[in-house]
Structure formats: structure tokens, C-alpha cells
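Step one of this worksheet: look at the structure below.
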């Protein structure tokens, strides 16, 4: 705390020219006019008691995201369950089963329904409970609140009330929306990180009102009161209208005094604030939308199948009821053994009515066509699949200790069908950490470390080299060219080849050094003070000084290491300071007017503390893209030190300052290509007089009042930042999360499209595009942005036309492109996107975007992210996956078919809204390519099988009914039918759904092309579904008629007994059990003991059941009493029939799959065979070749990049041989 | 992001590790598995095997069916259309029939499997005297005041034609014992339960009457009848003839034609049949086995031929989609 107070003496406002200077308030501007609807909220500061009664009683700070509570659970959850048509049908059937029309015992209808609904509800309850626990974790966080009398104490968030004064300390979240009173800084500034709200990573400055500044310690709140009148709760994050009444004075409030819930206090040791909006009234909660319940596409398709089956059901029911009516009317009067019945159920004189009653009976009877257990089985299977996803050790992140989590289990199979991935950048692709990695000083490039991209690319290339088969057609193969490439190294080629060579050598040295966060630089030429022996040592010195001086950061002594840590607004700045420190220029102190740097002079090895007087600071804005400080060094000389975007700096160089321009430019291109974030550094020496003149004018402008103040300041600083001398450039790696480029590469090979949606500025986004290999040199970049010139004119129409034109032109260009290797990248910024997303333009935009290999949208708002996602989802009709980590991604996560949240970081909003959460982006590969692939196949096969099974079974009921005069009698015992779906055939199918693997996870990862089976929907297209239904129909016919003919009238045993209904039914049922269980065994390709146990166990269970059922009293078992033991068991005919029928049922399927596999195998078949015969071990070169070829032809990812650079090299080699010029300029584009 | 969450106390590290999924082959889906592959060898073996097994079984079944001698005689037309008369039919034995010869009656268009008919019984009252008053489910042949035993349509419509056989004026005894399932006699039909109020006007007189002095467990005709048939055409066991019938023996059957099939136009047949190990004269099973075996062999043959014409080495990468359709697509 001690140094916190010291630091607090610094007036932060003096560090800034524009941003933080309190603009002199226009005194004419009075308080806001707050009246009328929408502005009714009154907050009595520091008097929460007043808010305990109506009408000032506002909601507590308790939040809840659960769907149900204890009371509403039962009705709501039941309602949810019966939104499924099938369940309503079964409910009706269950109710009707209590009436005489039922063909079954009521219990056989009610118990499966109760079981199914109960299980689903239990799952709902569990998921809601988890949400509740998560909410409570947030609700029980502690906040320091004013108890009265200037005493503060902790209290859980949920107890916080409107009017409470809270004290929030550094790095804590604001518990509610607060009105900012004062901070540890004298001038009432605090820094806020709003990443959870809008995803922006830079810190935002908030300012307290002057009047509340004195309230900056605990005691001052003893007697503080005040009233705030303000707007009602609304979701608008960037506006706030309100007035503060304090001591009979009214002060207007604006958004910069509002600290929003879920943002975080940064770089400020504490702030005081008054709670204005609590709980669900807070802006962030107002923004939260109820997460939509998503259903997978397979499930939607399944609904269609269920409708088909319903139609079939109604159809055969109508047939059966017509048949019944006719029989009843025409024949029943003759059946003396069946006298008419008064209840109209069997009344020839009211045949139509009887027919109608029978329709109901039939609808219940044939209900077996609709697999009641389908939903529950699928649900169970998905929960188990989700368990496997959660348990996957390869998706567990050691660093944060978070495993992957399937938060909703009903989208598992959707993971296997993803077509487009929409990704956030910061926190998802990158870790929001910058590492200083390379620099170029005075035309010389320093820095040997390779960025992650380069390392990964090198590995990939090395692998490709091994994998190439020399005999493989395509003669001028990669191998040849790369060999050439490796032979002709440094001497004749430019640095691009050196880069390739560098990265091919493994970097073993790097790991011996302790890792310094933000610094990953290695070059002995300038490290450890060696820079002084380099040529241009003076420029190098200046370079380091710029790094150490030109910034707005604050040093903080780290007690553990004794060194300094820096609190900077952006992570790049921090990386510069860390780099400067490592180079021996340790920035150690900041006073009101000076910056102190401890310089370690290489010659004397002693540390000198130098003071740099900060005369002016021209700070960084996204418009200026540069930052300068004007300093006076100890010798009294005045310098302007400037860092900024290269294009900006290069425009501002003096003639003499361009010595190193060409070399630096070349380096910058390389850095850019490697995905590094670059800045150019320049300086200018100022004469005393020159500065004084400018300074006076600047001061005048600064203190002036009026609308054009900013403009003048802008112009003045522009004037100053001219005629610079270029020193060099820095390259900072926006550190990608581990394995991101590899993962993107793999996913691209699996045929997935990749969009990046980021709130960052275009430059950063492009850098990351390079880093992730979404962009590469030679790729044609289509940049669509709102033209600033037109924007100035403020004409929307013009702007729109301009953007439409840009899109059309680009589309034309894409269309006319002939080169098959040409790849386009679309980069669009938020403003242009706003127009491109309008109804009349979005199809054009989408068409263009779909034709581009990669799409990067920058400066997009959370809303736009969601809109883009929707556009892709609806426009292409393909399955989209959105991945993000911050609250700004919530919209897109909810909008996409599958939303994935990055967990393990602090903000939980994205995770809470997501369907799956993973700790690292790279786990996405395994999640999709392994689990998605498996789950898709499992669920698809499972559903097909379910329909097969129920059709095979259900139709036999119908056929039999036709033989009973359409009376609705079933040949099976009620208990058989009850057990059919619940016990006898459900477990194998569950084991199929949970454990089936066509190929092992390893192979899935090796052959990303296998993934395409999902997006192409090879396993659940109508062809397959109809095929399975046909198979079911065939099986039902075989099962029924073979049995009926065998047991027609003849004795079935040598003792002469003929078969009664029970014997026929039981035999038929045995045949069904065998047939469907053999069928599933044929589907499976992966038998662990579990599958064996469940499949064959089901068959055995049936016999056991039959035996036991025969043992219990005949009162219950009826005609099935001792049926196996006495009647069927000893009859060879029974056994022969149950052998014949299942074989006959499965023979066509077996023949089909045999022929298909033998003559038209699918990929997984071939791979299974390769693995089975261990060919991959014997013929390694073949295996490696296939591995490399299995990749989808991609235009993004570093494989594509390697390909592209090899193509270029080839081209260049040819050119070189033909022209024999030794040097060829590297500059492409 | 490596930002540290909260204070790094000792419990957090243990919490971290507790979240780590435990490794087991099960949880990682790496259980050892049998992964069968339908190689051509397997396919051919399977189909040939099916053929080899099924054809002998089929032949055996056919020969069993051929051993069975069966004579069936329709008599409703000759003896009708009135009931309650006697008529005589002469049946010539074409081939020698060894005892036991089973005597069946066969009805058609008789919906013993009609839902209403099937349900119209009460198993409780058949079993225990104490439940004799139970009439539930027996509608319309039920009477709660004077409980009917056995109640319900099934019992009420009991088949009641009788046959008397003689060869060369010598009566042949028809053994009516043990024509019902033993379990039915022992457990389902009580040995203490006697018919009561049966065929006494409730809904008129249906079919046969029962000897009220015999317990139900000994009324085997009833027990057989109460096993409802699966199809509207059915045979039920009437009795057994325990002597051999020689070729050209003329069996005279005296039929007491009681049962009314004329109302609904059904036939009545008398069937004499021997049995083999697999029951009655049933050619279908044998033919089905033979057909299936032949089809299997045929498929195996096709497979072999096709495989010779267009062989595919197993695990040949040339068949991978990216090699077959280099332009993409699977």
C-alpha cells in the first residue's frame, strides 16, 4: 500500500495531452433535464436504508441465470418436455390406455413415458443446478461496503443494495454499476478494463467529478449524502444520463463517472463508488440475453423422420380402422362366438363409431413405430458422450487446471459437422501478451528467436520432406525444390531464405534461459552491452532510450525479484519497457515532470540513473497511430522521440532521416509476414528556440476553450512530428496461444473455413492473420473499409454506394482469377461491415466472403459479431461454430450453431453462454476432429438404427393385426413389448452411441480429411435414412411371414401340439431380438468388452427373462407360463426358426456392406484396413505420404503457406536460371 | 491468459489438480477393442459357412417333413348344414401311419385371435376355487350373481364335435389324455375347480358343455381350446390314436356334428397326422433353409467373381477419397 500512496501523488492527467485533460466544462451546460418516463430512478447515496421500502426498493444485487426455481421447476420442466410432439403423443396414448380402447395394459404405456420424461427432467434439473451453483459463486463474492460511521466491511455481492458506498480495490471486479466518487489518484482518475463487456483489451480511463474528489478515505463517508436522479435500467453500455444533487447543487453525470459491473479496476489501488444499479438492473445483465436453446441439425432432421413415421402411423391406423369397421359391419353379425357389444366398441350397427374407436386403439398399438425410448436414449448417450469430452485428458489445460466441458450435451454431434469457424482474436487466438522478439536498428536486423509461426512452419516443412516419395507423380515435387532451396543458402539469397534456414535448425538454447514475460529476444550482438561494439552504437543507444522513455507506463517495484514491473495501458508498451530493461535501460521512476532511467553503461559496467524531463507528451490515438514525447536530457538537449505505425512514420521522415529507410522497410515486411506487430522508431533533435515557440502555441491551444480545440492540438502535434530521423523498427509478437497456428492449419485441412472477428484495429488483426497463417505474402488482400474522405461528408448513401462498389469490384476480381493457387483474403472493418450487413447488401458481401480463403473482420462490435454469425449461418445454411472468451463474444456464441467459450481466463460470460468450453484454442482441433467426428457418426448411426429397429418391430404388429380381423390384438405379450424398448434393445444401441469408434482418435487427428464425412452428412442423408427404413420394412416382413408360415397350422413339436398365440408371439419376438441385436453388431466396428456384454447380454437377458417369466404364477404370465421351459425350449423348430429368421434379416445388409467395402470403400474403411494389417508400420513411406495428402487442399494455414513459398521459390529459381541475375528483389505483393 | 486468479493459496493448487481428469483407458476411450474388418476372406467364409450349414439343415427338415403322413378330411359340407347330427366319413390311408397318430380338428375363419375374444376369460377363477366368483374380463359371458365357471367367450364357444374311429368295424380308441400342456393342467386349471353355471343361458348356448363332475384340470379339451390360436385358421389337438394305420386301411369316422361353423361360413376339417422330430408336415422351413443357403452360396460366388475381376488390395491407399477424386469430394 505504501508505494501505492506515493504513486498516487502523480497526477495522471498531466501525462496526457488530449485524452485525460479535463476539458473545461462549458459552464452554460447545465444539469441534464431529467423528467418523465425512463428517468425515474432516484438513488440516495450512502443511505441504503431508504431503499428498503417501496417505491425506492430496487432489486438486490442477486443475479440468477437459472431457468427454473424450486416452485416453477415441475410445471415448467414438464411443459418443456411436452413440447416434443412425440411426448405429447405418448402422453395421450398413456391417458387413453386407461380406457377400454387400449390394446395394452395401462402400465405398459405409462411406465416408459414416466421413465423417459423423468430422466429428461432429471437432466434438466442437474443442468440448472449447475447454473445455480455458478451464480452463487458470483453472488457470494465479497465486496467492501460502508457500514456507517466511516467503517467499511466485507459483505457478499448479493447483499449489496442501491445507495451503498463500496470500495473496490485493484484488480477487483465492480460488484454493481457504480457511480464513481474518488480514487487513489488525487485527480480522481481510475483505469478500468472492460474486456468482459466489449472485449477491448486496452484500459479505459474514468473520471470522478471534482466535487466528489475529497471523499477519498474511509472516514469521509461518515456524513456523506447525496441524491442521484438518473435513467432507468437499460442495456446501453455507452450512455448514461443522470444528475447528482449534492449540497443543494446539481451536477450532471456522464458515462465516464459510471463503473460498470463485471469490468475490472486496473492500475488504481482503490476507488469509492455508490451503487446505482444492482443485479439484473445493471447494464451488463440488461445486455445478457437468455441463451437460446439450441438443437442440433441431426435432431431437427430426426423430427422430420418422426413426422414421416407419424404419417405412416396414421396411415396404417386408418387402414386398420377401416378394415375393422368393414369386418365389424359385414362379418361380425355372423360371428356367433363374438356377440355384439353395447359399448359401441364392437357394434356392427354402429360400425363407423366402432371404427373410430378402433382408430384410437390402432394409434396406440402402432405407437411402437415411434421409438419412445429414442429421446431418452439419445439424451443418455449424449450425456455420456459429454462425460467423455469432459474427461478427455488431452483437452485438459495444466496451466489453468481446467478441463474441457460440454455445458450442453445436445450438440455433440453438431461438432462433427462444422463448416465455418468464427473466432474472436484476443484471448482466443492470442493470449494478450506481447513479446519483444526482433528489432531492426539502423538498417541491421537483430533478433534470432523465431516466432511460434516460424517454428511450426519449419517443423511442418521438415515433416513434408520426410514424407515425400520421390517416385510419386507430380515430378517437380516439393522435395526437389526444397532440396534446391536448402542447397542454395545464404550467399545468393535474401533474408527470406535465411529465415527458412534459421528456423529449420532446432532452437535448443532458448530453453535454458529463464523465461521473461514479454521478452523473447536473443541476439548476442546487442545483448549484455555488446551493442556498443556494433556500428551505429549511438543510434542503438537512442533506440533503447526511445523504448525506455516514450510511453505512459508506471513502474512498480516487484518485491520478490527486486526489479521493476510496469503497468502500461497496452501490453506492447509493457513489452518495450521490459525489453529496454533487459538491454540495460531500466525505467525506474516517474515523477510529475521526469522519467528516470537506470542505464547500465557497457564500458564502465556501472549503473547511472538518468533523468529525462518530459516536456510534452503527444499520446497515442487510433487516428494518429503514433506517440511522441519531447524530452530534455541531462545535457539540456531537447529531443522528440517518436514511435508509431510504419506507414505514418515513413511519411514524416526528413530527407536526411531516410538513410535506413529501405533496409528497415524490408525488415518490416519480413516481420509483418511473420505475423509480428511492428512499430517504427524515429527521433528528432530540437533547437531550444524552435521548441519554445511551438510550446507556447501548444500551451495556448491546450487551455483554450471551444470546439476546435482538439483540431488545433492535432495540427500542432502534427507540425512537431515532422522531419524525423528513422532509427529502426521493433517487432513484437502478439503471443499466440499455444498451438494456435497448428490447430488452424489442421482445421483448415479438415476443410473448415475460418473467419476472425475482432474488436481490434485493422493492423493488429492483419498481423494476427499473418501469425495464424490466415494471411500470407502473395495472397491477394481485399480490404474493404469505410472511406474516410466520404465519411467526412457524412453522406450515408455515398458511403454505402462506395462500399457496394468495393464489394462488386472485388467479386469481379475473384471471379476473373484464373490461377488455381490464387487465394484471396477479405479484410473488412466495422464501419464498412455495418453497411455490408444491411439487407440489400449482405448477400453480395457473403458471396464475396465465401469465395475468399480467409475473412477477417476488424473493429466489430459485439452486436456485429452476432450479425455476421447469423449471416453466415443463414446465408450458407452450413453449420457455424463461434469461439470466444469475452463477454463481447456472447452474442456470437449464442447466435452460432455451436458456441465455444475459452475457459480458464477470468471472465466467465463467454463460458456461461457457451455450449462447450475449452481452456485453449488448440483443443478445438481435438474437440471437432475427434469428438465431433465420433459423436456425429455415433448419433447418426444410432438414430438410423433406432428407426430400423422400431419399424421392424412395429410393422409386425400391423401385419398381425390384419390377421385378427383388425381387432387390435397384438401377438406379443404386453411385457415383451414393454421390455423391448426399455431393456432388450436399448443397451446395445446406447453402447453404439457411446463407444463406437470408426478409427482411433490418433487416426482422426492424422487424417483431418475424415472429418469431412460430417459436414457432407454422409451418415445421415436421406439416402441412408430411407435405406434403413427399407431395411426395417424388409426385416419386419421376413420376421412376420416366415414365422406365420412355419407356425401356420402344423404341429410344432413331435408331441403333436399346435402353436397357440403365445408360442407364435414368443418365437417371433425371439427372432426380433436376435435380428436387431445381430444387426447392431454388424453396424459396430469397435467391440470392447462393454459392447460384447451389452449386445450379447441383451439376447441372454431375453432368454433369462422368458425363463423367469415362465416361472412366476400363471396369473401374471398368462399363456406364457413355462413357455420356454415346457413348450418352446424342447422344440427344435423353435430354435431352427430363430436361427433362420435373423440370418434372413441380416443377409442383405451383410451383403450390402461387404460389397460396398470391397468395391467402393469409404476412407475410414481403407484406413481401418491399413491399421488392421499394420501396413502403416511396414510401409512407412506410404503412410507418411497419405498422411500428408489427406489434408484438404487449403489456402490458409501454414501448410498452404509453405506450399506457396515453395511455388514462389520454384518460380524464382527458374527465373534465375534463365536470367542468371544473382539477386532478385524479395519484395512481392 | 496467465493472470493469476485470486490469491494463490494451497487449496487452489489442490483444487486444480482435482479437476484434472483421471487417466483410465475407459475414460480416454482407449479400451482394448476387437475391431473386426470384413475382409474378402471373411465375407466369403461367412457366406460359404451359412450355405454349408443351412443346406444340410434344410435337407434334414425337408426329409423330416416328408416322413410325416397327414390325412385331412373336410366334413362340414357333407355333414351340414344342420348341426346336432351325426354323419359318417370314410378315410383311406394312403401310406402307413405309425402310432402315435394325432387327431386334430381344424377350423378356419374363426377369429380366436380377436382382441375381444382373447381377453374374454378370467385366469383367476380357473385356478382357485376361492376366486370362483371372479368374473372380471369375461364380459359378455359373465354373471356376478351366479358366477359362471369358466366364464368368458372362449370357454363359452368351446368346440364340441366328437369323432369316433373304427377300422374294419373295429373301434379305435382315441386317447384324449395328455393333449394339453402339463403346466396348464397342473397350475392353470385347478384340480378343485368344477364347472358351474356353464352354458346356462347367459348369452344363450354357445358351444360345448362340460362335465360338471370333472375338475377343470381334467377337462383337457377345454384346456386346449383355451389356448387361443394365433391365426383365424388353426388346428387343435383332439386326441391320439395309439395304433398304426396300414396302407389302404379305411378309417370310418363317426362325427357328431355339433359345432356351428355354418353361420359364418367356415370349414371344419378332421386331420390325422403323424409327427417327426420337428412336428407336423412342414415343408416351408426346409425350403427356406435351402433357399437361404443357396442364396448365400450364390452371393459368395458373386463376390469371388467380382473380386477376381476387380480386386482391391486391402488397405490400398489408392482407394482413399483424396486419391480417387483429387479434386476434392468423398
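The values are calculated or read from the model by the stated rules, or taken from the named source; none is laboratory data. Worth saying up front: this structure is predicted, and the values here are computed from it rather than measured. In this analysis, Cβ positions are derived from the backbone assuming ideal geometry, glycine residues included, and neighbour counts consider all displayed protein chains.
Data overview
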read-out	value
Filter pass, residue A:1098 being within 8 Å of chain B (Cβ to nearest Cβ) and within 30 Å of residue B:25 (Cβ to Cβ)	no
Qualifying position, being touching a residue at least 24 places away in the same chain (Cβ under 8 Å), under 29 Å from residue A:195 (Cα atoms) and more than 39 Å from the chain's Cα centre (by Cα), among A:629, A:597	A:629
Residue in region A:365-372 that is within 34 Å of the chain's Cα centre (by Cα) and part of a helix (DSSP H, G or I) present	yes
Among residues of region A:42-89, those that are more than 30 Å from residue A:912 (Cα to Cα) and surrounded by 15 or more Cβ atoms within 10 Å (Cβ to Cβ), counted	12
Scope region B:161-185; condition within 12 Å of chain A (Cβ to nearest Cβ) and buried (at least 16 other Cβ atoms within 10 Å of the Cβ); matching residues	B:179, B:180, B:181, B:183, B:184, B:185
Filter pass, residue A:936 being in contact with a helix residue (DSSP H, G or I) (Cβ under 7 Å, 6 or more places away or on another chain) and assigned to a helix (DSSP H, G or I)	yes
Strands (runs of 3 or more DSSP E) within region A:383-467 that include 2 or more residues at pLDDT below 85, in contact with a helix residue (DSSP H, G or I) (Cβ under 7 Å, 6 or more places away or on another chain) and within 14 Å of chain B (Cβ to nearest Cβ)	A:430-441
Residue in region A:1042-1066 that is farthest from the other protein chains (Cβ to nearest Cβ), counting only those that are over 23 Å from residue B:66 (Cβ atoms) and in a helix (DSSP H, G or I)	A:1066
Test set (1) under 19 Å from residue A:220 (Cβ atoms); (2) crowded, with 24+ Cβ neighbours inside 10 Å; (3) in contact with a helix residue (DSSP H, G or I) (Cβ under 6 Å, 6 or more places away or on another chain) - residue A:261 fails condition number	(1)
Considering residues of region A:1160-1174 that are more than 7 Å from chain B (Cβ to nearest Cβ) and free of Cβ contacts under 8 Å to residues at least 24 places away in the same chain only, the residue farthest from residue B:320 (Cα to Cα)	A:1174
Any hit, region A:765-788, residues being exposed (fewer than 15 other Cβ atoms within 10 Å of the Cβ) and either at pLDDT below 80 or within 30 Å of residue A:734 (Cα to Cα) (or both)	yes
Selection count, region A:1006-1026, where residues are surrounded by fewer than 19 Cβ atoms within 10 Å (Cβ to Cβ), touching a residue at least 24 places away in the same chain (Cβ under 8 Å) and in a helix (DSSP H, G or I)	1
Candidates B:323, B:248, filtered to the one that is surrounded by fewer than 21 Cβ atoms within 10 Å (Cβ to Cβ), at positive phi and either part of a helix (DSSP H, G or I) or outside the structural domain of residue B:49 (by TED's automatic domain parsing) (or both)	B:248
Residue check, residue A:726 within 29 Å of residue A:701 (Cα to Cα) and in contact with a strand residue (DSSP E or B) (Cβ under 6 Å, 6 or more places away or on another chain)	yes
Given (1) more than 8 Å from chain A (Cβ to nearest Cβ); (2) surrounded by 21 or more Cβ atoms within 10 Å (Cβ to Cβ); (3) touching a strand residue (DSSP E or B) at 6+ places or on another chain (Cβ under 7 Å), number of the condition residue B:189 does not satisfy	(3)
Selection within region A:916-933 - within 12 Å of chain B (Cβ to nearest Cβ) and not in a loop (DSSP other than H, G, I, E, B)	A:926, A:930, A:931
Residue within region B:304-321 that is out of contact with any helix residue (DSSP H, G or I) (no Cβ under 6 Å at 6 or more places or on another chain), at the interface with another protein chain (Cβ under 7 Å from one of its Cβ atoms) and touching a residue at least 40 places away in the same chain (Cβ under 8 Å) present	no
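Condition check ((1) in contact with a strand residue (DSSP E or B) (Cβ under 6 Å, 6 or more places away or on another chain); (2) crowded, with 18+ Cβ neighbours inside 10 Å; (3) farther than 26 Å from residue A:417 by Cβ) across all residues:
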| position | (1), (2), (3) |
| --- | --- |
| A:700 | no, no, yes |
| A:703 | no, no, yes |
| A:708 | no, no, yes |
| A:712 | no, no, yes |
| A:719 | no, no, yes |
| A:731 | yes, yes, yes |
| A:750 | no, yes, no |
| A:757 | yes, yes, no |
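Residue-by-condition table, conditions (1) buried (at least 24 other Cβ atoms within 10 Å of the Cβ); (2) modelled with pLDDT of 90 or more; (3) assigned by the TED database to the domain that holds residue A:412:
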| residue | (1), (2), (3) |
| --- | --- |
| A:912 | no, no, yes |
| A:933 | yes, yes, no |
| A:938 | yes, yes, no |
| A:951 | yes, yes, no |
| A:967 | yes, no, no |
| A:978 | no, no, no |
| A:989 | yes, yes, no |
| A:992 | yes, yes, no |
